[in-house]
Amino acid sequence: MRSAMADVALLPRTLMTRREYYALGEPPPGLWFELLDGELIVMNAPGALHQLVVRNLLVALQTWCHAGSDRGAMWLPLDADIADDTVLIPDLQWFAADGRLPLDGTAPHPVGDLVIEVASPSTRRYDREIKARRYLAAGAREVWLVDPRPLRVEVLTATRRRGLTAGEEIASPLLPGLALPVASLLDGS
């Protein structure tokens with residue numbers, strides 16, 4: 001007698017469209033969904049360290065946005081429109097003041113000018129090798145990949161990849177005057 005798992009393993013892979021992805025509705029508590037090349041990616045919800053880093057980034061960047069005029073806006077996770085079969089959800093996005101973000105409730109949204117992913121142990125490779133390239137190809141001008149343990153930030157553009165450690169500051173031509181100490185991302189831990 002064959003097991004049910006053997007039958008499941010023999011089923012052909014089913015690819016999903018963006019419309020089918022949105023028809024799934026909200027994931028169960030403790031899980032997050034993304035769609036990559038038609039495949040549903042299921043991840044655990046972020047843990048406390050991940051959320052601490054996201055919070056510290058949001059506060060610092062939101063403070064920068066409010067310190068002057070025409071400095072754009074920060075957004076917490078929003079579905080990013082990558083392709084007809086790909087919807088990714090970055091941890092944070094910054095949209096320049098000229099704004100490409102429609103506030104009419106439609107999703108997915110355009111990709112931000114700056115996209116930030118905070119890695120978890122289970123998503124580190126996925127964030128670095130797949131998502132970062134996809135964000136840049138979809139229109140992001142810069143991507144920050146933050147790894148809390150050990151603390152490191154990679155700043156990527158279409159032509160450059162730069163690594164920063166705890167003793168350095170994050171600066172960006174997109175955010176003039178910002179000098180964010182990498183070490184401050186773990187404040188409160």
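The values are calculated or read from the model by the stated rules, or taken from the named source; none is laboratory data. Just so it is clear, the model here is predicted, and its values are computed rather than measured. Here the Cβ positions follow ideal geometry from the backbone for every residue, glycine too, while neighbour counts run over all protein chains shown.
Within region 52-103, track down each residue that is assigned to a loop (DSSP other than H, G, I, E, B) and among the small types (Gly, Ala, Ser). Within region 52-103, ALA67, GLY68, SER69, GLY72, ALA96, ALA97, GLY99 meet the criteria. Selection of region 14-27 for residues being surrounded by 10 or more Cβ atoms within 10 Å (Cβ to Cβ) and without any contact (Cβ under 8 Å) to a residue 24 or more places away in the chain yields GLU20, LEU24, PRO27.
Within region 171-187, residues that are without any contact (Cβ under 8 Å) to a residue 60 or more places away in the chain sit with their Cβ atoms under 6 Å from residues that are loosely packed, with under 14 Cβ neighbours inside 10 Å and part of a loop (DSSP other than H, G, I, E, B), at 6+ positions apart or across chains, in these pairs: ALA171/ALA179. Checked against (1) buried (at least 20 other Cβ atoms within 10 Å of the Cβ); (2) outside any strand (DSSP E or B); (3) at pLDDT below 95; (4) in contact with a Leu (Cβ under 7 Å, 6 or more places away or on another chain), GLY112 passes all but a single condition, namely (4). The sole residue among LEU136, LEU174, LEU145, LEU164 that is part of a loop (DSSP other than H, G, I, E, B), over 17 Å from ARG55 (Cβ atoms) and hydrophobic (A, V, I, L, M, F, W, C) is LEU174.
The single condition among (1) in contact with a Lys or Arg (Cβ under 7 Å, 6 or more places away or on another chain); (2) part of a strand (DSSP E or B) that ARG152 does not meet is (1). Please go through region 84-106 and give me each residue that is among the small types (Gly, Ala, Ser) and either modelled with pLDDT under 90 or touching a His at 6+ places or on another chain (Cβ under 9 Å) (or both), ordered by number. ALA97, GLY99, GLY105, listed by residue number.
Which of the residues that make up region 124-133 are surrounded by fewer than 19 Cβ atoms within 10 Å (Cβ to Cβ) and either in contact (Cβ under 8 Å) with a residue 24 or more places away in the chain or in a loop (DSSP other than H, G, I, E, B) (or both)? Residues satisfying the conditions are TYR126, ARG128, ILE130.
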